[in-house]
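Inspection log for the structure reproduced underneath, given as structure tokens.
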Amino acid sequence: MLNRLFQLDHHGTSVRTELVAGLTTFLTGAYIIFVNPAILAQAGMDKGALTTVTCLVAGLATLLVALWANAPLMMAPGMGLNAFFTYSLVLGRGVPWETALGVVFLSGIFFLVLTWLGVRERIVRAIPISLRLAASVGIGLFIAFIGLQNLGLVVHNDAVLVQLGRFTPQALLGVLGLLLAVLLEIRKVRGAILLAILATTVAGMVTGLTPFPTGLVAVPPSIAPVALHLDILSALQISLWASIFSLMFVDLFDSLGSLIAVCREAGMTDKDGNIPGLPRMLTADAIATVGGALLGTSTTTTYIESASGVADGGRTGLTGVATALLFLLAALFTPLIGAVPAFATAPALLIVGIFMMRGIGQIDFYNFEEGAPAFLTFILMPLTYSITTGLAFGFLAHVLLKLFLGKIRECDPFLIGAALFSLVSLVL
């Protein structure tokens with residue numbers, strides 16, 4: 001039955017290979033169970049409920065794309081997107097978290113409509129590759145900056161804004177956790193980030209810096225404190241339109257880039273390099289974002305960690321089913337998850353930041369037409385504590401340079417529209 005449902009023979013794989021690949025993907029991406037609640041809780045949301053929601057959304061979204069698109073993909077609340085939610089919208093602009101969930105919901109709805117209309121691919125072509133790369137780099141810097149703050153290594157200073165913090169026992173353990181994660185990544189150990197989080201947590205418990213969990217297994221915390229609390233009407237105010245656009249933009253390139261990379265690795269492309277099941281995958285991505293907002297979490301996206309399962313032989317949705325079931329099962333271990341301290345998850349933010357910096361070498365900084373807008377995009381994200389601001393300045397700088405150089409015809413109308421939209425949002 002499984003062979004027929006997932007076309008295992010056609011893809012040259014077996015049940016055992018798919019299940020092992022699903023376990024690999026889960027181990028590689030399970031750090032999100034710890035990190036997502038830790039980030040969103042800073043927006044004033046209930047951490048216990050967020051832990052349950054993170055497991056539910058990751059499990060159900062992964063199951064959706066596995067059964068509908070027969071793809072070995074993992075989906076979960078996205079890193080960078082959850083940072084945008086907490087640090088840019090809620091803490092940065094003072095938007096209530098209920099309204100921020102409404103922003104996520106609307107971005108998902110618009111995303112769904114754009115997917116059905118086939119506009120998503122059109123938008124991708126409109127944005128220069130340098131700005132796409134710069135957006136990823138900027139979010140990586142932003143996440144790493146937050147990780148250093150959570151460790152207490154970067155603290156406020158009235159004179160120069162920030163300075164080096166004290167090396168407390170918690171900070172030292174976090175640095176050791178970061179070192180362990182880097183060493184494990186170099187050794188290509190599966191689940192390196194997860195193992196580093198667990199090791200740092202255990203070290204904190206042994207040294208008395210964090211309490212031991214009250215148990216290992218328990219009924220998952222209720223999702224009632226966050227589920228269906230989104231405020232859609234408040235999210236419709238004009239001042240938040242740029243935030244809706246920013247979430248759409250970031251999720252667009254995050255999910256599409258991951259989908260293309262993983263599907264190519266899995267041999268899911270045709271002779272022309274196209275991905276036949278891409279429309280279903282993109283639709284599943286948008287539906288997951290809408291559903292995630294209803295349940296009470298930030299934007300859901302496709303994870304590049306899916307590539308670890310593909311590297312282990314995963315080729316069909318059966319890999320995703322195995323990953324999804326493990327995420328749903330993880331909801332029972334909330335006492336253990338809740339015992340993980342901030343200094344243990346901070347190294348994960350730094351490692352993700354390193355991952356997202358990889359594209360900086362592909363930006364041509366010798367060409368100022370390309371390098372200057374890209375630089376403004378990624379440098380302003382951490383410095384202004386706003387992903388939206390970085391994107392807005394990047395779009396504006398690119399279009400204005402082309403205008404003053406007499407090359408405005410090189411700009412796609414979609415990009416010009418994005419620049420004008422950014423200008424309006426900055427003025428407002």
Connecting every pair of Cα atoms under 10 Å apart in the chain and solving the GNM, the largest mean-square fluctuation among Ala218, Ala41, Ala83 falls on Ala218
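Which of Tyr303, Tyr366 has the fewest other C-beta atoms within 10 Å, and how do the rest follow up to the most?
Details: Tyr303 26, Tyr366 7.
Fewest-to-most ranking of Tyr303, Tyr366: Tyr366, Tyr303.
Kyte-Doolittle mean at least -0.5 and Cα extent at least 24 Å along the axis: which DSSP H helices of the chain qualify? Kindly include the intermediate steps, with their values, before the conclusion.
Working: long enough: 47-69 (32 Å, 1.67); 97-117 (30 Å, 1.81); 129-151 (33 Å, 1.65); 169-186 (26 Å, 2.08); 241-265 (36 Å, 1.18); 278-295 (25 Å, 1.18); 387-404 (26 Å, 1.69).
Helices meeting the criterion: 47-69, 97-117, 129-151, 169-186, 241-265, 278-295, 387-404.
In units of 2.2 N^0.38 Å, what is the alpha-carbon radius of gyration of the stretch 204-250?
Details: Rg = 19.7 Å, N = 47, 2.2 N^0.38 = 9.5 Å.
Ratio of Rg to 2.2 N^0.38 Å for the stretch 204-250: 2.07.
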Euclidean distance of C-alpha centroids, the stretch 1-61 and the stretch 140-158, integer Å
28 Å
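Using the count of nearby Cβ atoms within 10 Å as a rough guide to exposure, how do Met205, Met248, Met1, Met74 rank from fewest to most?
On the way: Met205 16, Met248 20, Met1 5, Met74 31.
In order of increasing Cβ crowding within 10 Å: Met1, Met205, Met248, Met74.
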Using a Gaussian network model of the chain whose springs link C-alpha atoms within less than 10 Å, name the residue from Leu329, Leu295, Leu40 with the highest mean-square fluctuation.
Leu329
Exactly which trypsin sites (Lys or Arg not before Pro) in the stretch 157-211 are in a DSSP loop and have at most 10 other Cβ atoms within 10 Å?
Arg166, Arg187, Lys188
Test of understanding: in a Gaussian network model of the chain with alpha carbons linked when under 10 Å, which of Val399, Val57, Val65 would top the mean-square fluctuation ranking?
Val399
Quick check on the exposure proxy: order Phe142, Phe368, Phe110, Phe375 from fewest to most C-beta atoms within 10 angstrom.
Phe368, Phe110, Phe375, Phe142
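In debye, nearest 20, what is the charge dipole magnitude of the chain about its Cα centre with +1 on Lys and Arg Cβ and -1 on Asp and Glu Cβ, if you could check?
On the way: 20 positive and 21 negative charges, 58 e Å.
Once rounded to the nearest 20, the dipole reads 280 debye.
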Calculate, in whole percent, how much of the Cα-Cα pair population of the chain lies beyond 31 Å.
38 percent
Solution diffusion estimate, µm²/s, Stokes-Einstein, the stretch 1-51, Kirkwood Rh from C-alpha pairs, 25 °C, viscosity 0.890 mPa s
183 µm²/s
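Each reported figure results from applying straightforward, stated rules to the coordinates on display, with no laboratory input. The structure presented is a predicted model; accordingly, all values stated were derived computationally and were not measured. Backbone-built Cβ (ideal geometry, glycine too); neighbour counts: all protein chains shown.
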